[in-house]
Amino acid sequence: AKADGRSVYRFFEMQMDSEARERRLLEAELRDAIANGELVLHYQPLVSAKDHQPTGFEALVRWNHPIRGLVPPAEFIPIAEQSNLIVEIGDWTIEQACRTAANWPEGLTVAVNLSAKHFHRSDISTVVKKALAISGLDARRLEIEITEGLLIDDPDAVIAKLAEVRDLGVTVAMDDFGTGYSSLSYLLKFPFDKIKIDRSFVDAASDDEVARDILRAIASLGKTLKVTITAEGVETEAQAEFLAEIACHQLQGFLFARPLDAVELPHYLMTHVPT
Ligand code: C2E
Ligand code: CA
Ligand code: CA
Ligand code: CA
């Protein structure tokens with residue numbers, strides 16, 4: 001049977017309406033979420049590729065919604081990015097992560113993901129300085145992770161802000177390396193301290209020699225540029241072995257630990273970090 005064009009159109013129109021409504025609802029709820037303390041950070045360990053000892057943690061935000069349950073960042077960060085909420089979330093995350101990390105054993109680092117929109121709309125170095133002062137965390141224990149999308153519009157302004165943060169002694173990492181169009185050219189524009197290889201390469205390495213060659217090349221690039229190389233999404237022993245062999249410095253992934261909540265984290269520290 002031939003579909004009735006008009007009714008199909010009406011169907012899409014109604015669906016669009018309900019999606020837009022759902023978005024508006026989420027945005028309104030997100031506004032309250034911050035005030036109500038519904039945002040939480042989970043922490044996923046990064047380990048040394050050599051001995052699998054933890055070197056630090058990446059803070060990953062979740063929304064503990066009273067009805068929806070634990071909402072992953074992919075579902076609310078894009079909504080937050082369309083308003084000033086991303087600045088509020090980012091500021092909160094930096095301060096919260098610094099406060100938490102200040103209680104960890106000496107030397108463990110904490111990495112925070114920052115959205116491009118947040119970067120453009122606020123004075124990041126002031127926020128970072130304040131969080132370090134409030135928490136007493138040594139700047140060398142804080143890392144900022146940014147994806148290359150950050151550098152697409154107005155790269156000069158972003159680079160100036162990144163340089164200010166780096167001048168504080170904070171580590172600046174390029175996240176999801178290799179997934180964008182210009183990952184390599186950004187290495188020319190800014191002296192990143194660290195590269196995080198996207199997990200799609202780690203995934204492919206299991207049965208693809210080309211992916212393994214690319215990983216070898218990135219590792220050797222890291223050596224030349226004296227940049228720390230981290231691989232994310234490590235799920236198997238074979239991947240961990242290969243990445244250590246090609247001299248990646250740090251590994252992160254479900255093989256070692258999933259992101260840990262406030263109950264799991266102290267337990268992990270107790271069992272994995274010698275005191
Ligand atoms: P990302 O920065 O690439 O973070 C790594 C994501 O991969 C996390 O998902 C983590 O749980 C997941 N992951 C870690 N190990 C493995 C593994 O072995 N296998 C697989 N399949 N996945 C693994 P999550 O927590 O859902 O975060 C998704 C993305 O949301 C992050 O990607 C980051 O871009 C963004 N995000 C998370 N927290 C924040 C935040 O506080 N602020 C901003 N702006 N973005 C955030
Ligand atoms: Ca990240
Ligand atoms: Ca990543
Ligand atoms: Ca990612």
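The values are calculated or read from the model by the stated rules, or taken from the named source; none is laboratory data. Keep in mind that what you see is a predicted model, and the values were worked out from it rather than measured. We place every Cβ from the backbone using ideal geometry, glycine too, and count neighbours over all the protein chains shown. To get the accessible areas, we keep the full protein, side chains included, count just its heavy atoms, and leave off ligands, DNA and RNA. Shrake-Rupley method; radii C 1.70, N 1.55, O 1.52, S 1.80 Å.
A few points about this structure:
- The single residue among PHE12, PHE76 that is at pLDDT below 90 and either at negative phi or open to solvent by 20 Å² or more (accessible area, probe 1.4 Å) (or both) turns out to be PHE12.
- Output for segment 185-216, where each listed residue is within 16 Å of ligand 4 (Cβ to nearest atom), part of a helix (DSSP H, G or I) and of a type in the set (D, E, K, R): ARG199, ASP203
- Cβ pairs under 6 Å, 6+ apart, first in segment 252-275 and open to solvent by 70 Å² or more (accessible area, probe 1.4 Å), second in a loop (DSSP other than H, G, I, E, B): PHE254/GLU235
- Looking only at segment 101-113, and only at residues there that are out of contact with any Ser or Thr (no Cβ under 6 Å at 6 or more places or on another chain) and closer than 12 Å to GLU58 by Cα, the one that is nearest to ligand 2 (Cβ to nearest atom): ASN113
- Selected residue [open to solvent by 50 Å² or more (accessible area, probe 1.4 Å), at pLDDT 95 or above and part of a helix (DSSP H, G or I)] from LYS117, LYS130: LYS130
Each row is one residue, and each column tells you yes or no for (1) in contact with a Gly (Cβ under 9 Å, 6 or more places away or on another chain); (2) closer than 20 Å to GLY56 by Cα; (3) within 16 Å of ligand 2 (Cβ to nearest atom).
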residue	(1), (2), (3)
ARG141	yes, yes, no
ILE146	no, yes, yes
ALA160	no, no, no
ASP175	no, yes, yes
SER183	no, no, yes
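- Among the residues of segment 230-256, the ones that are more than 16 Å from ligand 4 (Cβ to nearest atom), on the phi < 0 side of the Ramachandran plot and either in a loop (DSSP other than H, G, I, E, B) or modelled with pLDDT under 95 (or both) come to 6 in all.
- For segment 205-231, residues that are open to solvent by 20 Å² or more (accessible area, probe 1.4 Å) and within 13 Å of ligand 1 (Cβ to nearest atom) total 1.
- Single match in GLU106, GLU27, GLU88 (criterion: within 13 Å of ligand 1 (Cβ to nearest atom) and open to solvent by 20 Å² or more (accessible area, probe 1.4 Å)): GLU88
- Restricting attention to segment 171-189, the residues that are over 11 Å from THR147 (Cα atoms), within 16 Å of ligand 1 (Cβ to nearest atom) and small (Gly, Ala, Ser) add up to 0.
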